[in-house]
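The values are calculated or read from the model by the stated rules, or taken from the named source; none is laboratory data. Keep in mind that this is a model prediction, so the values were computed, not measured. Note that we place each Cβ from the backbone using ideal geometry, even for glycine, and neighbour counts take in every protein chain shown. Surface areas here come from the heavy atoms of the whole protein model, side chains and all, with no ligands, DNA or RNA. Shrake-Rupley method; radii C 1.70, N 1.55, O 1.52, S 1.80 Å.
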Amino acid sequence: MAIIRNEALHKQVAAAMRQSIASGEWPPGTQLPTETDLAETYGVSRPTVRLAVAALRNEGQLDVKQGRGTFVRTTVHGPAGTVERTITLSGSHYETPTDTWFGHGEEPTVYRTRTDAITAPLLEMGEGEMMLGCDRLIANPAGEGRALHRLLLPMERIEDTPLSQQPTATPAEAYAILAAAGRELTWRDRVSARVPQPDEREALRLSEAAVLLVVHRVTYDEVSNLPLMVEETRLGAETTGLTYAVEARKPKRAARTAKASAH
C-alpha cells in the first residue's frame, strides 16, 4: 500500500480494505485475516488496523462475531421484511399483522413505572403519573423479524377496565377490552429513529451500523379524544420496514360545510 502524506494512516488502510470489499476480493461472508496478518499486508501497526476495522464496522461493511472473528457483511438492499401498521375489526374482535409475533420470543415482564418526558406528552398527562408497563421481545414466526414491544397503561385511564388486571394483554386483546368498556377507539402513530443501545442491538441482532426505528402508537377514545394507552415498538430499520394504508380525509371545516349545504 502506497503511503499518502497528510492523511491519517488508518483512513488509508480503511480505504484499501473498502476497495477489497467493493472489488469482490473479499465477498460477503468472508472472514478477514487476523490483525497481525492485516498489519503485515499493509505495512502498519496492529492499532492502526484496529482503527481501520472500527471505521468499516461503523459504516456497516463489517460484522464482528464474538469468538469467531470479523466478517464482510452481506449487502442489504433495503429491509428484508415489512410490517403493516393496520388494525382490522371483525365484530368485537381486533386483529393486527403482528398478532402471531406475541406467541414467539420471550416471556413478558410486568412492572410499575411513571410517565416521563417522552410518555407524558403522548398521554397528555403530567410527568410522574403511575402506569403499568409490560415489556417483551417478539419475533416473526414466519422468518426474519424481531421487535421489542412495550405496553404502557396509565392507571387513571384503565383502572375501571380489566386491563388493570391483564397488563400482559396483546395489543389486539387490549383494544377489545377497551372497546368492551365503552371506548370508541382510534389510533395515531409517531415514528422516530435513533442509534440502538448495546442491549437493543444484541436482542434484535443488529449490526454495528444499524439504525433503530421507534414507533409510538397511542390509542385514543375517539369521543373524548383522550389518550388511553401507549405502545412502543423498537425494530431495526435494516431488517424491517413499516407500511401504512393512507386514506384521503376532508378537513373538518370542509366536512361541516358540505354537510350543511346538503340540507
Response to the item:
Of the residues in the range 103-132 that are touching a residue at least 24 places away in the same chain (Cβ under 8 Å) and either open to solvent by less than 30 Å² (accessible area, probe 1.4 Å) or under 30 Å from Gln61 (Cβ atoms) (or both), the one that is farthest from the chain's Cα centre (by Cα) is Met125
Fill in: Verdict on Pro171 being surrounded by 15 or more Cβ atoms within 10 Å (Cβ to Cβ), of a type outside the set (A, V, I, L, M) and touching a Cys at 6+ places or on another chain (Cβ under 8 Å)
no
Item to complete: Output yes when any residue across the range 43-54 is open to solvent by 70 Å² or more (accessible area, probe 1.4 Å) and hydroxyl-bearing (Ser, Thr, Tyr), and no when none is.
Response: no
Practice prompt. Can you confirm whether the range 226-238 contains a residue that is modelled with pLDDT of 95 or more, under 23 Å from Leu153 (Cβ atoms) and open to solvent by 40 Å² or more (accessible area, probe 1.4 Å)?
Written response: yes
Discussion item. List pairs: first residue in the range 31-56 and free of Cβ contacts under 8 Å to residues at least 24 places away in the same chain, second residue open to solvent by 80 Å² or more (accessible area, probe 1.4 Å) and of a type outside the set (A, V, I, L, M) anywhere in the structure, Cβ distance under 6 angstrom, at least six positions apart or on different chains.
Written reply: Glu35/Arg46; Ala39/Arg46
